[in-house]
1. Can we say residue 131 is within 18 Å of the chain's Cα centre (by Cα), at pLDDT 90 or above and either surrounded by 15 or more Cβ atoms within 10 Å (Cβ to Cβ) or more than 23 Å from residue 65 (Cβ to Cβ) (or both)?
2. Please enumerate the residues belonging to region 102-142 that are closer than 19 Å to residue 162 by Cα and either out of contact with any strand residue (DSSP E or B) (no Cβ under 9 Å at 6 or more places or on another chain) or in a strand (DSSP E or B) (or both).
3. Here is a check on your reading of the model: is residue 116 crowded, with 19+ Cβ neighbours inside 10 Å, touching a helix residue (DSSP H, G or I) at 6+ places or on another chain (Cβ under 7 Å) and modelled with pLDDT of 90 or more?
4. Using the structure shown, decide if residue 111 is buried (at least 16 other Cβ atoms within 10 Å of the Cβ) and either in contact with a helix residue (DSSP H, G or I) (Cβ under 6 Å, 6 or more places away or on another chain) or modelled with pLDDT of 95 or more (or both).
5. Among the residues of region 208-228, count how many are more than 16 Å from residue 71 (Cβ to Cβ) and either modelled with pLDDT of 90 or more or surrounded by 14 or more Cβ atoms within 10 Å (Cβ to Cβ) (or both).
6. Does residue 155 fit the bill of being modelled with pLDDT under 90, farther than 21 Å from residue 91 by Cβ and surrounded by 20 or more Cβ atoms within 10 Å (Cβ to Cβ)?
7. So which of 145, 122 ends up being more than 13 Å from the chain's Cα centre (by Cα), at pLDDT 95 or above and surrounded by fewer than 18 Cβ atoms within 10 Å (Cβ to Cβ)?
8. So residue 158 ticks every box in (1) within 16 Å of the chain's Cα centre (by Cα); (2) more than 27 Å from residue 213 (Cβ to Cβ) but one. Which box is left unticked?
């Protein structure tokens, strides 16, 4: 009986693997249509910004989630350059998609916008947008170019990315190494360690909206092609559902 159970479990795993591969390789026209109309369901999708695909989590009608954190997150965001480059965590949960993926997503030819969503301890939601939004390549230390639309300029424009093992900020110390209550900050586009850092695990910082006095419980960063420009063969959340 035990061997029959194992063999049945093996067949189930093989079947699920084949089904997953088939879903990855199929082009979902229905998903494209629903995303175009803003009616797509949240979930894991395969997108193709360039030659190679990226698995991402898409939410809220076509936004690609590039970061999600909760206060006192079980996923450690105090990581080095390579991990921030390639990404970490669970795509359907707390994660950083990866600076290289951020660059591939936002480099064009379509113009992208960046959305920020914050939820404080009273369940009040705060949102903001930056447009256009671009993350430069690794030679530029993944610098962020983002102009604010409807929120204050908390994201440090034209600042390079700093991690605990690569200091690119303008402070006399490494901003990613500074601790609060024994917990170091995470990687971010830092200027002088003030203003914002959505990757700080025990205190999510977003100027006056999220800080030590006004705690936030959740944060999301999402990107999406601009509605003003036509998307031409870009990697947006209108591709294959996993």
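The values are calculated or read from the model by the stated rules, or taken from the named source; none is laboratory data. A quick note: this is a predicted structure, and the numbers were derived from the prediction, not measured. Using ideal geometry, Cβ is built from the backbone for each residue, glycine included, and neighbour counts are taken over all protein chains shown.
1. No, not satisfied.
2. 133, 134, 135, 137, 138, 139, 140
3. Numbers: crowded, with 19+ Cβ neighbours inside 10 Å: yes; touching a helix residue (DSSP H, G or I) at 6+ places or on another chain (Cβ under 7 Å): no; modelled with pLDDT of 90 or more: yes.
Criteria not met by residue 116.
4. Details: buried (at least 16 other Cβ atoms within 10 Å of the Cβ): yes; either in contact with a helix residue (DSSP H, G or I) (Cβ under 6 Å, 6 or more places away or on another chain) or modelled with pLDDT of 95 or more (or both): no.
The answer is no for residue 111.
5. From region 208-228, those more than 16 Å from residue 71 (Cβ to Cβ) are 208, 222-228; that's our starting set.
Among the residues that remain, those that are also either modelled with pLDDT of 90 or more or surrounded by 14 or more Cβ atoms within 10 Å (Cβ to Cβ) (or both) are: 222-226.
Result for region 208-228: 5.
6. yes
7. On the way: 145 fails: at pLDDT 95 or above.
The unique qualifying residue is 122.
8. Checking residue 158 against (1) within 16 Å of the chain's Cα centre (by Cα); (2) more than 27 Å from residue 213 (Cβ to Cβ), the one that fails is (1).
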